[in-house]
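Please treat every number below as a calculation from the coordinates, not as lab data. Source: prediction; values computed, not measured. Cβ placement follows ideal geometry from the backbone for every residue including glycine, while neighbour counts extend to all protein chains displayed.
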Amino acid sequence: MSEKDRPRTDRAEHARLQKALRESVILRELADILNSSLDLEHILQELVKRTTELCEVPRCAFWQLEEAGERLLPTTYYLASSVLSSKKRKAADAIWYRGHLSISNPIITGLLDEGGVLTVEDLRAEPTLKHFAETFQVVSVLLIALMRDGRPVGLMSLDYPGQFHAFSQEQQQLARAIGQQATIAIHNAYLYQQAQVQQQRAEHLIERAQAVYQVAMRVNSGEELPVVLKLATDHLAHSLNASAGIAMLLAPGEAELLQPACTLSQEMHEHLDAIGLSLDDLPNFWLAIHTGLPLLVTAELAQDQEVEWFHRFGLKYMLLVPLMGGSPPGGANWDLPGTSRILRYTQKESLLDIHCPGLIVLHYTRRRKPTSGEYAFAQDIAAQCALAIEKARLLAEAREAAILATERASTLDAVFQAMSEGITVVTSSDEQVSFSNHAVARFLGVPVYSRLPLKTFLEEHPAYTLDGHLIPFEDFPVVRALHSKVQIRGERFLTARADGTPRVVELTATPLRDSEMRQIGLVCAIRDVTVQVQAEQRVRVALDTFLHIAEAVSHSKGIHEILHSVLAEALKTLNCARGTVHLYQQSFEPLLSLGFTPDEEARWLQQQDLWLNPRTGQEYGFFAQLMSGQATLVSADHCPVQPNPFTNTLVLAAPIKHNQSILGLILLDRSTAVTQARPPQRLSGFTNWDLTIISGIAQLAGAVLEQTRWQQEANEARASAAAMREANAMKNEFLAITAHEFRNPLTVILARSQSAIKTLQRAKGSNSLPAIEEHLSIISAQGKQLNNIVTTFLDAARINQGQLSLKTEVTDLEQIARQVVEEQSVLAEQHSLQCITDEIHQPYLVMGDRACLHQVIANLVENAIKYSPHGGPVAISLHRCRENPQAETIEVCVEDKGVGIPPEAHERLFERFYRVPQTGGSDARGVGLGLYIVSHLVAMHGSQIRVESSGVPGEGSRFIFTLPALPEPSFDKLTRPETRLSE
Ligand code: ADP
């Protein structure tokens, strides 16, 4: 049966069945298509497209319920291309995706109440959706809710854009059926999508964990900081989908300046170079670093140089991740980065002073805000970076400390090795000595750094006190320092060097302490002070010498005596056998010598004279040196002249000088070692020290010499002043005496001559001749006395003026003596005067001036009488002395038993006008010229007069002089009886 033949109802039924069949096929196909994919977008696109086709509507849209379940968001729509112009489609597209439907919208709640299918005749009439409907040109709409387990998954809308349409039952059923089919597929796709998201999230987490792990591994393996920071930055940038990342560190020492910490591309460098990197110009950087919190900076929030940064790198966002270790400070919420925090922390004063060494800057050229998970990841990476920085810092410090320690150790070792002191270290625990430098190792002949027990060491190297006593173990300075913890500073002892030479050693011990200041040993510095001690001894000897010289000089009277002491001390100190002292006045003249035999001395002086008083053109170098005031060595070595006149000479010459002028010279000779028998050999020379000592001695001698001279001059000046005073006093006394001596005879002469005149006047006619005669004789006697006095003055004057001359002839002294006795006997009634001669009589002949010799003897006899006020014998004795038969002499002695002369007056007795004060018991007058004239007259005869007297009154005095006797004349020897002065 053909279609035409079938009844109308059948045809309708058939058509309906056909359609249902087709629909079911399409539905099945749709179900297949939808179920064949898990791609939600694809499913939805297929869904909306097929729905328009199946339901024969021009537009179908799908709204997906958002995760929170509050809103339906437009997801996909399909519009039959013929319905709207392409321009309108574009406009619709732009609008479509911005809209949403609230789940609580009455239309939606109505839809759900209606079991999931709702037709709205005119959506524009719904106040809540009016705007949407108008914009999107929705008039009549069929809404299908896609339900799964009683909950909506999404919403499908079918409409005729801009048209009223009454949706048929079939359309509604078909749409519902499509919705049911789609729900399963969408739900599956949802599940799949969620699974995908979860997987992605898990993958992200793993990726991040791996990134953190990798960074941590690099940190732990001690990788260089820039490498770690580069890795961390790359991971961070990658995981947070940033376009680039830069790790920046605050410059050490300049806390406000940022520096890129890992390798950057040339371009990035150039950009950064153009931006000021001071935190002062980067406020958001400052904030991130000082809060320790990551900060998302948008272009709107950028300030100062940050604006330039955004511009240079073409950024939309910038994420600043401060490199902070541990959890965020102050429990701050990491999940809420953004502008609100900036506001919260802009008050800089309220911030904690968080130490953050730097930050990672992530660049975003697209608008994509990091998620909270990404912030957490950034925190983890930042913590690892902070750890790496801290570790690098510690490592650098440790490396620096190690370098420093090594440097110190090497320096210490170098110092030890360079030290001239020997260094040993003694450990307290085991009492071992370690020889820590070459000096001590050399000194003791042990390997450097070797060790020995202290006890063994001291047994092998015993120590002695400076006076030679063995120091017991317990008393050894190191042992005392170790056991009693006493300080040892510069203790000296004797020990032997490796070659056995005895040395004086000075030891200083310093405690060695551990970090808790417990003594764990000693560092001992040992110094060989032998030379120093010898020098000290030499200085002591020199000082002793100077002291001795000073002492000797203080007791010495004259220059000769002083220089003798100086030379003796110099010879002793410098260990020389012989030496001389010379004085200088235009040339050097020897003054004194020590240690020579007369022959040697002459020869030696002659040799020294060669250079001491050189002939012109023959000056030697050492002479010039001497004249410039320097001590010098006179030896062949110092004399360039050939042939060398000083081959066997070894003389030390030091000028005695004062105020730059040479006063003299000390010569010390050591060349005695060379004898004729032995060939000339190297003499044991003088040392510089000897030179110094002799210079010092000579200097001292110069000063003393000058002082002595000065003192002598002062004494002479004083003496001449005293002499002048005395002369004046004598002159006064002389005037007084003269006046006195002259007045007496003159008074007598005047008185007697007047008496004689008066007697003559009265005598006219009487016999007064005897009285006149007496007056005249007294006048005559007094006149004679005056004459004597005047004669004496004249004699003295002649002597003074050198006018007295002798008339020598053969003179018999006995004759003169007897004549004097005769003359004086008349005048001296109280005295017995005698002339005593030797037993064997010979004439006492001398060559002399008879008158003068008479005057001498007469004067002596007169004095003898004058100063024997109580009488007593006076004798002139003549005695021939034959001790030397070739030179026989005659001794004349005038002796009395008078007042005597005190010994202290003897010295001055023969001076002009000298009179012994208060001569005991004698008021004899005189002018003090008699003995002066006598002594001169005797001296003119080539002899001297002397006095012998105890000064005791009654014991008297003896004046004695001798004259050469003339050879015996050939006349008979006469024997005279001995006449001696009785006691
Ligand atoms: P003067 O007798 O005129 O005083 P002199 O020169 O003769 O002078 O004697 C000097 C002094 O020596 C005397 O003043 C006297 O004190 C003392 N003197 C001389 N001769 C004797 C003597 N024989 N006995 C004691 N004193 C004497």
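Side notes on the structure shown:
- Longest to shortest principal axis, alpha-carbon extents of the stretch 479-636, angstrom: 80, 40, 30
- Here the alpha carbons of the stretch 793-887 define both size measures, Rg and Dmax, at 15.3, 43 Å.
- Stretchable slack from Gln173 to Gln537, in nm (0.36 nm times residue separation minus alpha-carbon distance): 117.4 nm
- Here the stretch 146-204 is assigned +1 on the Cβ of each Lys and Arg and -1 on the Cβ of each Asp and Glu. Its dipole about the Cα centre then comes out at about 140 debye.
- Computed FRET value (nearest 0.05) for Val227 with Trp689, which takes r as the C-beta separation and R₀ as 45 Å: 0.05
- Over the chain: Kirkwood hydrodynamic radius from C-alpha pairwise inverse distances, Å: 47.2
- Looking at the stretch 1-72, the trypsin sites (Lys or Arg not before Pro) that sit in a DSSP loop and have at most 12 other Cβ atoms within 10 Å of their own Cβ are Lys4.
- Ordering Ala624, Leu937, Ala441 by Cα displacement along the dipole of the chain toward the positive end leaves Ala624 in first place; charges were set at the Cβ atoms of Lys, Arg (+1) and Asp, Glu (-1).
- Options Pro770, His187, Ala722, ranked by Cα towards positive dipole end of the chain, top entry (Cβ charges): His187
- Between the listed residues His204, Ala887, Gly110, the Cα displaced farthest toward the positive end of the dipole of the chain, a dipole computed from Cβ unit charges relative to the Cα centre, is found at Gly110.
- Residue-span extension gain [Ala723 to Met147] - 0.36 nm each, minus C-alpha spacing: 191.2 nm
- Estimated from helical segments only, the mean residue ellipticity of the chain at 222 nm is -15500 deg cm²/dmol, where each DSSP H run of four or more residues counts as -39500 (n - 2.57).
- Cβ-Cβ FRET estimate between Leu547 and Ala418, R0 fixed at 41 Å, reported to 0.05: 0.50
- Cα centroid of the stretch 160-219 to Cα centroid of the stretch 521-547, whole Å: 104
- Counting every C-alpha pair in the stretch 716-831, the share spaced more than 18 angstrom apart comes to 73%.
- Calculated SAXS-style log₁₀ I(q)/I(0) at q = 0.14, 0.19 Å⁻¹ - the stretch 864-961, Debye, Cα scatterers: -0.55, -0.95
- The calculated FRET efficiency for the pair Asp637 and His560, based on their C-beta separation and a Förster distance of 25 Å, comes to about 0.15.
- Radius ratio Rg over Rh of the stretch 362-443, counting only Cα atoms, Kirkwood formula for Rh: 1.51
- Relative contact order (percent, whole number), the chain, Cα cutoff 8 Å, 6+ residue spacing: 5
- Under 5 Å between amide hydrogens, built in the peptide plane, is the criterion, and for Asp838 it picks out Leu878, Arg880 among residues at least 5 positions away or on other chains.
- Distance between the pseudo-spin-label points of Gln819 and Ser24 (7 Å out from Cα toward the beta carbon): 21.7 nm.
- Partner lysines for Lys90 [C-alpha distance under 27 Å; skip if fewer than 8 residues away on the same chain]: Lys49, Lys130
- Percentage of interatomic Cα-Cα distances in the stretch 187-303 larger than 18 Å: 65
- Contour excess over end-to-end distance, with Cα ends at Glu67 and Asp122 and 0.36 nm allotted per residue: 16.8 nm
- Relative contact order (percent, whole number), the stretch 755-845, Cα cutoff 8 Å, 6+ residue spacing: 21
- In this structure, the pairs whose alpha-carbon distance is over 18 Å, taken from Lys316/Lys369; Lys230/Lys369; Lys784/Lys897, are Lys230/Lys369; Lys784/Lys897.
- The trypsin sites (Lys or Arg not before Pro) of the stretch 402-485 that meet both conditions, a loop assignment by DSSP and at most 16 other Cβ atoms within 10 Å of the site Cβ, are Lys485.
- Computed magnitude of the charge dipole of the stretch 465-565 (debye, nearest 20; Cβ of K, R +1, Cβ of D, E -1): 220
- With both labels modelled 7 Å from their Cα along Cα-to-Cβ, the His355 to Ser104 distance reads 5.4 nm.
- Thr9 versus Leu205: modelled label distance in nm, points set 7 Å from Cα along the beta carbon direction: 6.8
- Each pair of Cα atoms in the stretch 1-153 enters the Kirkwood radius, and Stokes-Einstein at 4 °C and 1.567 mPa s then converts it into a translational diffusion coefficient of 73 µm²/s.
- The stretch 458-550 - Kirkwood radius from inverse mean 1/r over Cα pairs (Å): 15.1
- Reachable aspartates and glutamates, given that their alpha-carbon falls under 20 Å from the alpha-carbon of Lys88 and they are not under 8 places away in the same chain: Glu134, Asp159
- Equivalent ellipsoid of the stretch 267-325: semi-axes from √(5λ) of the C-alpha gyration tensor, largest first, are 19, 13, 11 Å.
- Stokes-Einstein D in µm²/s, Kirkwood radius over Cα pairs - the stretch 535-583 at 10 °C with 1.306 mPa s viscosity: 141
- Note: the stretch 788-830, Cα convex hull, 97 Å³ per residue.
- Only Cα pairs under 8 Å and 6+ residues apart enter the sum, and on that basis the relative contact order of the stretch 480-532 stands at 30 percent.
- Nonlocal amide H pairs with Leu323, under 5 Å, H built at 1.01 Å: Gly358, Leu359, Ile360
- Note on the stretch 158-220: Kirkwood radius taken over Cα pairs, Stokes-Einstein applied at 25 °C and 0.890 mPa s, translational D equal to 153 µm² s⁻¹.
- Dipole magnitude (debye, nearest 20) for the chain, charges at Cβ of Lys, Arg, Asp, Glu: 1480
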